[in-house]
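Colleague: Would you mind keeping the following structure in view while I ask a few things?
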Amino acid sequence: MKRDKLLMTPGPTNVPYAVREAMERPIIHHRTKEFEYFFSQMNDGLKKVFQTSNYVLTLASSGTGGMEAAIINAFSPGDKVLVANTGVFGDRFVKIAKAYGLNVITMDISWGNGVDAKEIEKILNSEKGKDIKGVLATHNETSTGVANDIQGIGEILKNRDCIFVVDAISSLGGLEIKTDEWGIDILIAGSQKALMLPPGLAFVSVSDKAWAAIEKSKMPKFYFDFLAYRKSLDKNTTPYTPAVALIIAATESLNMILDEGLENTFKRHKRLANICRAGVEALGLEFFADEKYMSDLITSIKAPEGIDIEKVRKILNIKYDIMVAGGQQHLKGKIMRIGHMGYVDEFDVLKTLSALEMALLEVGYEVEPGSALSAAQKAMNDIK
Ligand SMILES: *Cc1c(COP(=O)(O)O)cnc(C)c1O
């Protein structure tokens, strides 16, 4: 029987039925009251989920477009920025910033580790750190399964003349983020991760401090010019043709998150992570991310000695219709990543662990059958 794939990947993630159904409506014209209704609903929901009173702009692009847009709006060529680079996505900030002629100082943190906010403070206080105009950091480093201490970095940047840009593409809607309270000037989210939407939208919040920098930015830009988006948003519309179907879908997914309650959403993700980790440990597997920084949205696992982890992933996909992610770049074949973000429940995690054990047994890994499920279900009962 052919069935839908269960996406236990860190994006794209499973899209709930109500959200898919919302996308099946006839496409409405965007210069109408009807569209304005959905647009304002979405914008109200976004502010609540971002925990901000700032403008939240919606761009028709993937998350990377949101990162690029943040950089070209907030800075000018030659500006000095500091990037806390903890993996593939921190590195993407470095690449984009360099592509636009910024003077980039990179903190290269070993993969699997998180950034220590105190190290950022040290650099900012040093000669090298003079005139840093922006600090760029990744919240949930999806490539390694690490969650960085954004609150701690925000604390250090408060009262400094520096724009704090955070890639929360995979974390918004899954991990706690208090945009305003934590002093985040530009927060970037993506539709296809914890927000339970199909790919195609980036959401970007912009603080007053960031607007002041944006108004002075000398970087060339057009489609991504935030000033155009703000001007339109003041009139409850968009400068160009919006992704109408995705925006209507977003009203639905944001409502689902707010109905569950933000606190409950974060708690659910924490539970899922704990259940997943219990099963993984019972399988005798090792985690890739440092314990101190392990993300509640994604569990990264080292490939055991002599086991072809790519083959395990293939069995999960072809035989059990469960997709998990492999390693990126130099981690290809070395790690496996189980996403448990967005529209995922405890039994999705149990099913994945059970299938993982079956796949491991199939490739010759030795473990007592039933170990993963037994430990995970025990954790499910123990963790309230
Ligand atoms: C997925 C992801 C991105 C890239 O988003 P795209 O939508 O693929 O462009 C950037 N940063 C993080 C942390 C991500 O998880």
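Colleague: Out of all the residues in the range 168-210, which are open to solvent by 10 Å² or more (accessible area, probe 1.4 Å) and not in a loop (DSSP other than H, G, I, E, B)?
Modeller: Of everything in the range 168-210, those that are open to solvent by 10 Å² or more (accessible area, probe 1.4 Å) and not in a loop (DSSP other than H, G, I, E, B) turn out to be L175, D208, K209.
Colleague: Now a separate question. Could you figure out which of (1) free of Cβ contacts under 8 Å to residues at least 60 places away in the same chain; (2) within 16 Å of the ligand (Cβ to nearest atom) isn't true of I72?
Modeller: (1)
Colleague: Let me ask something else. Specify the residue that is farthest from S76 (Cα to Cα); the eligible residues are those in the range 228-247 that are of a type outside the set (V, I, T), assigned to a helix (DSSP H, G or I) and touching a residue at least 60 places away in the same chain (Cβ under 8 Å).
Modeller: A245
Colleague: When both residues are 6+ apart or on different chains and their Cβ atoms are under 8 Å apart, which pairs have a first residue that lies in the range 76-102 and is part of a helix (DSSP H, G or I), and a second that is open to solvent by 40 Å² or more (accessible area, probe 1.4 Å) and of a type in the set (D, E)?
Modeller: Correct list of pairs: I96/E68.
Colleague: Scan (1) open to solvent by 10 Å² or more (accessible area, probe 1.4 Å); (2) away from the ligand (no atom under 16 Å from the Cβ); (3) not in a strand (DSSP E or B) for the single condition G154 breaks and write down its number.
Modeller: (1)
Colleague: Let me ask something else. Do we find a residue being hydrophobic (A, V, I, L, M, F, W, C), in contact with a strand residue (DSSP E or B) (Cβ under 6 Å, 6 or more places away or on another chain) and closer than 18 Å to G174 by Cα anywhere in the range 293-314?
Modeller: Yes - at least one qualifying residue is present in the range 293-314.
Colleague: When you look at N54, is it within 30 Å of D259 (Cβ to Cβ) and over 15 Å from the mean Cα position of the chain (by Cα), yes or no?
Modeller: For N54, the condition - within 30 Å of D259 (Cβ to Cβ) and over 15 Å from the mean Cα position of the chain (by Cα) - is met.
Colleague: Being at positive phi and either in contact with a Cys (Cβ under 8 Å, 6 or more places away or on another chain) or surrounded by 17 or more Cβ atoms within 10 Å (Cβ to Cβ) (or both) is the filter here, so list the residues in the range 88-135 that pass it.
Modeller: The answer is G112, and nothing else.
This table checks each residue for (1) modelled with pLDDT under 95; (2) more than 16 Å from the ligand (Cβ to nearest atom); (3) in the same structural domain as A243 (by TED's automatic domain parsing).
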site	(1), (2), (3)
K122	no, yes, yes
K128	yes, yes, yes
T144	no, no, yes
I150	no, no, yes
K158	yes, yes, yes
L172	no, no, yes
L175	no, no, yes
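Colleague: Among (1) part of a loop (DSSP other than H, G, I, E, B); (2) in contact with a Gly (Cβ under 6 Å, 6 or more places away or on another chain); (3) closer than 22 Å to S61 by Cα, there is one condition M219 misses while meeting the rest; what is its number?
Modeller: With respect to (1) part of a loop (DSSP other than H, G, I, E, B); (2) in contact with a Gly (Cβ under 6 Å, 6 or more places away or on another chain); (3) closer than 22 Å to S61 by Cα, M219 is out only on (2).
Colleague: Any residue in the range 207-216 that is over 18 Å from I248 (Cα atoms) and within 15 Å of the ligand (Cβ to nearest atom)?
Modeller: no
Colleague: Select from the range 15-57 the residues that are in a loop (DSSP other than H, G, I, E, B) and more than 21 Å from W211 (Cβ to Cβ) and list them in ascending order.
Modeller: V15, P16, E24, R25, P26, I27, I28, H29, H30, R31, T32
Colleague: Within the range 239-255, which residues are touching a helix residue (DSSP H, G or I) at 6+ places or on another chain (Cβ under 8 Å), within 19 Å of P199 (Cα to Cα) and open to solvent by less than 60 Å² (accessible area, probe 1.4 Å)?
Modeller: P242, V244, A245, L246, I247, I248, A249, A250, T251, S253, L254
Colleague: Still on this structure: Kindly list, by first and then second residue, each pair from a residue in the range 136-158 that is on the phi > 0 side of the Ramachandran plot to a residue that is within 16 Å of the ligand (Cβ to nearest atom) and of a type in the set (V, I, T), limited to pairs with Cβ atoms under 9 Å and residues at least 6 apart or on different chains.
Modeller: If the second residue must be within 16 Å of the ligand (Cβ to nearest atom) and of a type in the set (V, I, T), the pairs left are G145/I298; G145/T299; G145/I335; G145/I338.
Conditions (1) within 16 Å of the ligand (Cβ to nearest atom); (2) of a type in the set (G, A, S); (3) farther than 27 Å from E181 by Cβ; (4) open to solvent by less than 70 Å² (accessible area, probe 1.4 Å), marked per residue:
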position	(1), (2), (3), (4)
R3	no, no, yes, no
T9	yes, no, yes, yes
V15	yes, no, yes, yes
R20	no, no, yes, no
F38	no, no, yes, yes
L46	no, no, no, yes
V49	no, no, no, yes
L59	yes, no, no, yes
G63	yes, yes, no, yes
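The values are calculated or read from the model by the stated rules, or taken from the named source; none is laboratory data. Remember, it's a predicted structure, so these values are computed and weren't measured experimentally. Every residue, glycine among them, receives a Cβ derived from its backbone with ideal geometry; neighbour counts consider all protein chains shown. Just the protein is used for accessible areas: all its heavy atoms, side chains included, with ligands, DNA and RNA removed. Shrake-Rupley method; radii C 1.70, N 1.55, O 1.52, S 1.80 Å.
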